[in-house]
Amino acid sequence: MSGLDKLAARFPIVERLLVLPRPVLMGAAAGLVALIIVSLLWMRGPDYKVLFSNLQDKDGGAIVSALEKLNVPYQFNENGSAILIPADKVHETRMMLAEQGLPQGGGVGFELMDNPQFGASQFAEQVTYQRAVEGELARSIEAMNSVETARVHLAIPKQTLFVRDRKLPTASVLVTLSPGRSLGDGQIAAIAWLVASSVPGLTAENVSIVDQGGRLLSSSAGLEGFGANQTHLKFTDELEQRLTARIISILVPVVGRGNVHAQVSASLDFAQREQTSEVFRPNQKPDEAAIRSEQTNRTAQSGIGQPMGIPGALSNEPPAPPVAPIENPPGTNATAATATTVQNPASQTNNATINYEVDRTISHVKDSVGTIKRLSVAVVVNFRENENGEATPLPEDTMQQINALVREAVGFSEARGDSLNVVNSEFTTSEPHMPVWQDPQIHALAKTLGQYLLLFIAVMLIWLKAFKPLIRSLEERKNMELAEKKQAALQQAEAERKAQSEIPVKHDHYEDNLKVVMKIATEDPRAVAMVLRSWINQNDDDSRK
């Protein structure tokens, strides 16, 4: 028995492989050798690591051209989003590419100002500066986790000396979001304020933010308050959920978990109102009022005669020269009376002007956005089981306590027009029965089982109609060849036995023949069995004759 036959007898799979045609065996051996060689070459190849990933097409083409000039081998990953080079050249190559300004990241920034162009016009310098600002803003926006790429466009009007003709600058931002990501209201407002703070005169209201799907993300609602319907609905829904959670959390310890359901409907006012009022109080008493200003004028005259006489030309003439009196000399009574008359005249005038402060109150009131106009609360409480396990309604005092708890939990206000309805009813736990043929889960399960059943039937047909007949025919051919070889060996052994029997026996060869038969039986027991079977059949035929 050869070594291959011993291996086939020990491992049945080898015996099955041996019955296959020789071309198939040669092809399988060649494929196995090729696989071993490729594995060895791959194991001996250099270890590639990522040089850059998530590059734009423009930057990727520039980097590939630079790698070809530097004679650096490269390859792409499976989805083509990263460039791989040998691990021992990653850092060196990055430095060399950075020297060439790669990758540029899809935009340029203030590096445009590093190489000034002498002789450039003022307009060209302004455009270059605007491009640099746009590129830097785009890089700042791309630093956010949800933003993959960004582009910024600034519309800065030309400055003028006339205030009435001045126009405010505007900006627009186009962001490409990462797959499965979205921007919240806070992030949108942050982008708008980031751009507005980087351009003089630009306000956040004049910044438009659009995503790659063409949806306008920025609006006055996202920057100043609740101005968009979507924001209003979101705020209202959050308020209703918060009030519902309050009701359930305060009633669960009383009635048990799962025994209470609540719904809150809130009507909110999102209008913005500003009111300025000036109120004057009634006039106060002079001694209680505050003096704003006071002016007093006082005039006094004494010992000076008042001007007398008939107005006219004679009164305005100067007096005549004095003449000495003859009848009444100085020191007489007439002179004393005249002097007394001249010294007696006196005049006094007092004027006072007092201004009091006017009492007034100026108030500027700005109403808050999203105030509650009205609340509608509905609460359903389950029945309670008694000692016999029967569902019974709750007592009246318990329902009043529940009503009071709900009022306090939601901040019930009759002046606001709120409504509250608490109902005690038995919950229905049984779900409506659905026929099996209408159950969507049964449909999905049947569909999945049908797919696996069809796959199993296809595999069985291929096995029964193609592979099994081929293997059976090969095994029958192999068995026929083995049977023919064994039959030929038996015929040769029979011929040798007959030849030996015809030779005159000079001595007893019983021991020799016994050894030969034992050797044949050890090496090929199947052949000995077939010979014995043929002898038995021949004896049976002879006995019948």
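The values are calculated or read from the model by the stated rules, or taken from the named source; none is laboratory data. Quick caveat, the model's predicted, so the values are computed rather than measured. All Cβ positions, glycine included, derive from the backbone under ideal geometry; neighbour counts span all protein chains shown. When the accessible area is computed, the model is the full protein with side chains, heavy atoms only, and any ligands, DNA or RNA have been set aside. Shrake-Rupley method; radii C 1.70, N 1.55, O 1.52, S 1.80 Å.
Yes/no matrix, rows are residues, columns are (1) modelled with pLDDT under 75; (2) open to solvent by 70 Å² or more (accessible area, probe 1.4 Å):
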{"site": "K478", "(1), (2)": "no, yes"}
{"site": "E481", "(1), (2)": "no, yes"}
{"site": "A489", "(1), (2)": "no, no"}
{"site": "V505", "(1), (2)": "yes, yes"}
{"site": "I520", "(1), (2)": "no, yes"}
{"site": "S534", "(1), (2)": "no, no"}
{"site": "N537", "(1), (2)": "no, yes"}
{"site": "S543", "(1), (2)": "yes, yes"}
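Residue check, V152 against (1) at pLDDT 80 or above; (2) more than 36 Å from the chain's Cα centre (by Cα); (3) not small (G, A, S), all met but one. Which one?
(2)
Need the failing condition index for A495 against (1) under 30 Å from L532 (Cβ atoms); (2) surrounded by 12 or more Cβ atoms within 10 Å (Cβ to Cβ); (3) of a type in the set (A, V, I, L, M, F, W, C), just the number.
Going through (1) under 30 Å from L532 (Cβ atoms); (2) surrounded by 12 or more Cβ atoms within 10 Å (Cβ to Cβ); (3) of a type in the set (A, V, I, L, M, F, W, C) one by one, A495 breaks only (2).
How do the pairs read when you match residues in region 502-529 that are of a type in the set (D, E, K, R) with residues anywhere that are modelled with pLDDT of 75 or more, using Cβ under 8 Å and keeping only pairs 6 or more apart or on different chains?
Correct list of pairs: D524/K486; D524/A489; R526/K486.
Restricting attention to region 383-416, which residues are outside any helix (DSSP H, G or I) and either of a type in the set (F, W, Y) or open to solvent by less than 30 Å² (accessible area, probe 1.4 Å) (or both)? So that I can check it myself, show each step before the final result.
Step one: list which residues in region 383-416 are outside any helix (DSSP H, G or I), which gives 383-395, 411-416.
F383, L394, F412, listed by residue number.
Considering region 137-151 alone, what residues qualify as being in contact with a helix residue (DSSP H, G or I) (Cβ under 8 Å, 6 or more places away or on another chain) and either surrounded by 21 or more Cβ atoms within 10 Å (Cβ to Cβ) or more than 10 Å from Q212 (Cβ to Cβ) (or both)?
Matches in region 137-151: L137, S140, I141, M144, S146, V147, A150, R151.
Give all pairs with beta carbons closer than 8 Å in which a residue from region 84-104 that is farther than 18 Å from L55 by Cα meets a residue that is open to solvent by 80 Å² or more (accessible area, probe 1.4 Å) and of a type outside the set (G, A, S); count only pairs at least 6 apart in sequence or on separate chains.
P86/P46; P86/D47; P86/K49; A87/P46; A87/D47; A87/K49; D88/P46
Tell me which residues, restricted to region 152-187, are of a type in the set (D, E, K, R) and within 25 Å of D211 (Cα to Cα).
Hits for region 152-187 are R181, D185.
Working only within region 167-222, note down all residues that are more than 20 Å from the chain's Cα centre (by Cα) and of a type in the set (V, I, T).
Scanning region 167-222 gives T170, V195, V199, T203, V207.
Please list, ordered by residue number, the helices (runs of 4 or more DSSP H) wholly in region 1-80 having 1 or more residues that are at pLDDT 70 or above and closer than 17 Å to R94 by Cβ.
Numbers: elements: 3-10, 12-18, 22-44, 57-69.
Qualifying helices (runs of 4 or more DSSP H): 57-69.
Here is a yes/no grid of residues against (1) over 30 Å from K373 (Cβ atoms); (2) aliphatic (A, V, I, L, M); (3) open to solvent by less than 90 Å² (accessible area, probe 1.4 Å):
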site	(1), (2), (3)
V423	no, yes, yes
Q441	yes, no, no
T448	yes, no, yes
K465	yes, no, no
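Can we say F456 is over 39 Å from the mean Cα position of the chain (by Cα), at pLDDT below 90, open to solvent by less than 50 Å² (accessible area, probe 1.4 Å) and not acidic (D, E)?
Working: over 39 Å from the mean Cα position of the chain (by Cα): yes; at pLDDT below 90: yes; open to solvent by less than 50 Å² (accessible area, probe 1.4 Å): no; not acidic (D, E): yes.
Against the criterion (over 39 Å from the mean Cα position of the chain (by Cα), at pLDDT below 90, open to solvent by less than 50 Å² (accessible area, probe 1.4 Å) and not acidic (D, E)), F456 does not qualify.
Taking the stated definitions as given, is V323 at pLDDT below 80, open to solvent by 60 Å² or more (accessible area, probe 1.4 Å) and of a type in the set (A, V, I, L, M)? Walk me through it before giving the result.
Details: at pLDDT below 80: yes; open to solvent by 60 Å² or more (accessible area, probe 1.4 Å): yes; of a type in the set (A, V, I, L, M): yes.
When the stated conditions are applied, V323 passes them.
Is there a residue in region 93-106 that is part of a helix (DSSP H, G or I), farther than 21 Å from A150 by Cα, at pLDDT 80 or above and of a type outside the set (A, V, I, L, M, F, W, C)?
Checked against the condition, which is being part of a helix (DSSP H, G or I), farther than 21 Å from A150 by Cα, at pLDDT 80 or above and of a type outside the set (A, V, I, L, M, F, W, C), region 93-106 yields at least one hit.
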